[in-house]
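Worksheet: the structure to be examined is printed underneath.
The values are calculated or read from the model by the stated rules, or taken from the named source; none is laboratory data. For clarity, every value in this text was computed on a predicted model and none was experimentally measured. So basically every Cβ, Gly included, is an ideal-geometry build from the backbone, and we count neighbours across all protein chains shown. SASA here: full protein model, heavy atoms, side chains in, ligands and nucleic acids out. Shrake-Rupley method; radii C 1.70, N 1.55, O 1.52, S 1.80 Å.
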Amino acid sequence: MCGIVGAIADRDVVPVLIDGLKRLEYRGYDSAGIAVIGDGEVRRVRRTGRVAEMEAAARADNVQATLGIGHTRWATHGGVTEANAHPHASHGVALVHNGIIENHEQQRERLQQLGYAFESQTDTEVIAHLIHHYLKDGLDLLAALQRAVKELHGAYALAVVSRKEPHRMVVARMGCPLLVGLGEGENFVASDVSAIVQATRRVIFLEEGDTAEITRAGVRVFGADDAPVERDEHLSDVSLASLELGPYRHFMQKEIHEQPRAIGDTLEAIIDANAFEPALFGRDGAQVLDGVEGVQILACGTSFYAGSVARYWIEAISGLPCSVEIASEYRYRQAVANPKQLVVTISQSGETLDTMEALKYAKSLGHDRTLSICNVPESAIPRASRLVFYTRAGAEIGVASTKAFTTQLVGLFALAATLAKLHGRLDAEREAAYIEDLRHLPGSVQHALNLEPQIALWAERFAPKHHALFLGRGVHYPIALEGALKLKEISYIHAEAYPAGELKHGPLALVDADMPVVVIAPKDGLLEKVKSNMQEVRARGGELFVFTDADSNFEASEGVHVIRTPRHVGVLSPIVHTIPVQLLAYHTALSRGTDVDKPRNLAKAVTVE
Ligand code: F6R
């Protein structure tokens, strides 16, 4: 939810910190701050609002240094104020923190008794005082950090500097991602590689319980027992271009338009294999998937809707029972475990706390067959899973998920087909047909993208509305849900989705001339049923905005507007029908003038409950 960056170099690191924070801003954008060490002092600049405001303040103060840390915040403990913004400080120690310290109240009481005064309402400030407390006892910065984190319950990624030790920063990780970037005579730390990619792509992913010391000359990593450990170096494939807007107005628009490429890249392994094989999901694919008797999907938000589409596919194609559950619900209920079930977590970020905790809970119940569908390599959820399918969407910066969703669907479709094959329900002919359908998918998605001008015209009519209904049936019902979520989160129009057949059981009461009703109506076996549901809306004066396939016989009429997506693409139709609802939300938000990429109150990776 928050972003961390730190740098030590023999040049001014302030531009590195600010550039990094701008790239991390999508993770949280309530306030931002930096702390640098220079002339034996800690200098802090903190501002509520966007990084640009903090940057202006740092410029005005002519802040420069060769060692510093920075943070973008998404408020959890304590409101959006400058006092609550990171870095937090205690007597010459400054630190930035992602995560939540669960025992902060006890620690605060204890530290107050020790004479520490608190300036903020955050859980983070206790860590600064705790480290200072151990420095006072004679420990050095690294040892004080190692000692302090043993007293913290909860999740943290920390980067700490001290005016007394201007030659190094120290960092710690538990439950939140943190990586070290390796440069030439300069080194970095970040919660996300995008923050430092302008300086280096050589990274070390810290593991749970690790601490590290970062100097200009090198990096030393220590395991949870404080003994030195070796961690592998990786070369990140995140490119600078993928983090820049290019010709687009917003990252969301860019990411919507990247979908043919993202889907193509995600498909590559399947097309190369020309088969649905367990190996697509990892080395242990055959071992884990063999004998699977059912599937339990766990996820949040848009990823949950991807799972909801997958349920239709998995049951229809493989014949295996499949349940989908919101991770934050599953983790707190007494679930019945079946070790023959495959537990599938879906997460763009790979960091979502509720999904991670649901996975841990499933494992604690005896579920050993685990698969993660994820977009961020080496993130926590895939690392905790036996199998992984990495979507290759590339960095998703817009807070509203778009290309992650459609690429998740590709991975989930491959899973449905693979399970079907393992259960003798996919003959060679059908397998070849599915692969052919996948091969054509990027082209069909591109055709749907070409509808943008027509959809933008519809968006102008949506912009003044206060409410909207989305309807779909069968495998397209989750697409209606996704359309409603996209619209509400970026345009702030209240939108709800229903299975079209459910309308008459209550929501029809809402329909009047002011309520636009969006219908996903592809040319599938349910089209006639959907048409009857549309009549119910029309009869109450509701205005219909229908997305249907080019080859369906559905015609526009009074109060019924129609946009035709490409020819019906069969089983992959939900992927193609996602594009128009994304574009509708985007253009409606644009007309309303909202902050499309950073909608109010939200953040990208939700690492808190
Ligand atoms: C909506 C959206 C969120 C995420 C949800 C899960 O546009 O982006 O609903 O889908 O927070 O995030 P991940 O997929 O990272 O676990």
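Within the bounds of the stretch 517-524, is there any residue that is buried (at least 19 other Cβ atoms within 10 Å of the Cβ), of a type in the set (Val, Ile, Thr), away from the ligand (no atom under 16 Å from the Cβ) and assigned to a loop (DSSP other than H, G, I, E, B)?
Checking the stretch 517-524: not a single residue is buried (at least 19 other Cβ atoms within 10 Å of the Cβ), of a type in the set (Val, Ile, Thr), away from the ligand (no atom under 16 Å from the Cβ) and assigned to a loop (DSSP other than H, G, I, E, B).
Counting only residues that are of a type in the set (Ser, Thr, Tyr), give me the strands (runs of 3 or more DSSP E) lying completely in the stretch 244-357 with at least 2 of them.
In the stretch 244-357, the matching strands (runs of 3 or more DSSP E) lie at 341-347.
Return the pairs, sorted by first residue and then second, in which the second residue is open to solvent by 60 Å² or more (accessible area, probe 1.4 Å) and part of a helix (DSSP H, G or I), the first residue lies in the stretch 242-270 and is under 17 Å from Asn375 (Cβ atoms), the beta carbons are less than 9 Å apart, and the residues are 6+ apart or on different chains.
Gln259/Gln446; Pro260/Gln446; Leu267/Arg439; Ala269/Ala279
Could you identify the single residue in Leu426, Leu441 that is of a type outside the set (Asp, Glu), more than 15 Å from the ligand (Cβ to nearest atom) and in a loop (DSSP other than H, G, I, E, B)? Can you show your working first?
Values: Leu441 fails: in a loop (DSSP other than H, G, I, E, B).
That would be Leu426, the only listed residue that is of a type outside the set (Asp, Glu), more than 15 Å from the ligand (Cβ to nearest atom) and in a loop (DSSP other than H, G, I, E, B).
Considering each of Ser347, Ser379, Ser372 in turn, give the residue that is closer than 19 Å to Gly285 by Cβ, within 11 Å of the ligand (Cβ to nearest atom), buried (at least 19 other Cβ atoms within 10 Å of the Cβ) and not acidic (Asp, Glu). Let's see the steps before the verdict.
On the way: Ser347 fails: closer than 19 Å to Gly285 by Cβ; Ser379 fails: closer than 19 Å to Gly285 by Cβ.
Only one candidate passes the filter, namely Ser372.
Working only within the stretch 23-62, note down all residues that are open to solvent by 10 Å² or more (accessible area, probe 1.4 Å) and assigned to a loop (DSSP other than H, G, I, E, B).
Of everything in the stretch 23-62, those that are open to solvent by 10 Å² or more (accessible area, probe 1.4 Å) and assigned to a loop (DSSP other than H, G, I, E, B) turn out to be Tyr29, Asp30, Asp39, Gly40, Gly49, Arg50, Asp61, Asn62.
Which one of the conditions (1) closer than 23 Å to His447 by Cβ; (2) buried (at least 20 other Cβ atoms within 10 Å of the Cβ) does Gly542 fail to meet, given that it meets all the rest?
(1)
Could you pull out the residue among Val537, Val530 that is open to solvent by less than 30 Å² (accessible area, probe 1.4 Å), in a helix (DSSP H, G or I), more than 16 Å from the ligand (Cβ to nearest atom) and in contact with a Lys or Arg (Cβ under 6 Å, 6 or more places away or on another chain)?
Working: Val537 fails: in contact with a Lys or Arg (Cβ under 6 Å, 6 or more places away or on another chain).
So the residue among Val537, Val530 that is open to solvent by less than 30 Å² (accessible area, probe 1.4 Å), in a helix (DSSP H, G or I), more than 16 Å from the ligand (Cβ to nearest atom) and in contact with a Lys or Arg (Cβ under 6 Å, 6 or more places away or on another chain) is Val530.
Note down all Cβ pairs under 9 Å where the first residue falls in the stretch 555-580 and is farther than 10 Å from Ile479 by Cβ and among the polar types (S, T, N, Q), the second is assigned to a loop (DSSP other than H, G, I, E, B) and open to solvent by 20 Å² or more (accessible area, probe 1.4 Å), and they're at least six residues apart or on different chains.
Sorted first by the residue in the stretch 555-580, then by its partner, the pairs are Thr565/Ala550.
Restricting the search to the stretch 296-344, which residues are open to solvent by 30 Å² or more (accessible area, probe 1.4 Å), more than 14 Å from the ligand (Cβ to nearest atom) and within 20 Å of Thr578 (Cβ to Cβ)?
Scanning the stretch 296-344 gives Arg311, Tyr312, Ala316.
Which of the residues spanning the stretch 582-600 are open to solvent by 20 Å² or more (accessible area, probe 1.4 Å) and assigned to a helix (DSSP H, G or I)?
His587, Leu590, Ser591, Arg592
Each row is one residue, and each column tells you yes or no for (1) open to solvent by 60 Å² or more (accessible area, probe 1.4 Å); (2) more than 16 Å from the ligand (Cβ to nearest atom); (3) touching a helix residue (DSSP H, G or I) at 6+ places or on another chain (Cβ under 7 Å); (4) without any contact (Cβ under 8 Å) to a residue 60 or more places away in the chain.
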| residue | (1), (2), (3), (4) |
| --- | --- |
| Lys465 | no, yes, no, yes |
| Gly483 | no, no, yes, no |
| Lys486 | no, no, yes, no |
| Gly506 | no, yes, no, yes |
| Asn553 | yes, yes, no, yes |
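Residues being crowded, with 20+ Cβ neighbours inside 10 Å and of a type in the set (A, V, I, L, M): count how many of those fall in the stretch 250-279.
Here the count works out to 6.
Within the stretch 135-184, count every residue that is more than 19 Å from Gly223 (Cα to Cα) and either of a type in the set (Phe, Trp, Tyr) or in contact with a Pro (Cβ under 9 Å, 6 or more places away or on another chain) (or both).
Adding up the residues that qualify gives 1.
Could you list all residues from the stretch 70-126 that are part of a helix (DSSP H, G or I) and either open to solvent by less than 30 Å² (accessible area, probe 1.4 Å) or under 19 Å from Ile37 (Cα atoms) (or both)? Please lay out each step first, then the result.
Initially, the stretch 70-126 is screened for residues part of a helix (DSSP H, G or I), giving 104-113, 125-126.
Answer for the stretch 70-126, where residues must be part of a helix (DSSP H, G or I) and either open to solvent by less than 30 Å² (accessible area, probe 1.4 Å) or under 19 Å from Ile37 (Cα atoms) (or both): His104, Gln107, Leu111, Glu125, Val126.
Would you pick out the residues in the stretch 490-502 that are part of a helix (DSSP H, G or I) and buried (at least 23 other Cβ atoms within 10 Å of the Cβ)?
Kept after step one, since they are part of a helix (DSSP H, G or I), are these residues of the stretch 490-502: 490-491, 500-502.
Answer for the stretch 490-502, where residues must be part of a helix (DSSP H, G or I) and buried (at least 23 other Cβ atoms within 10 Å of the Cβ): Ile490, Ser491, Ala500.
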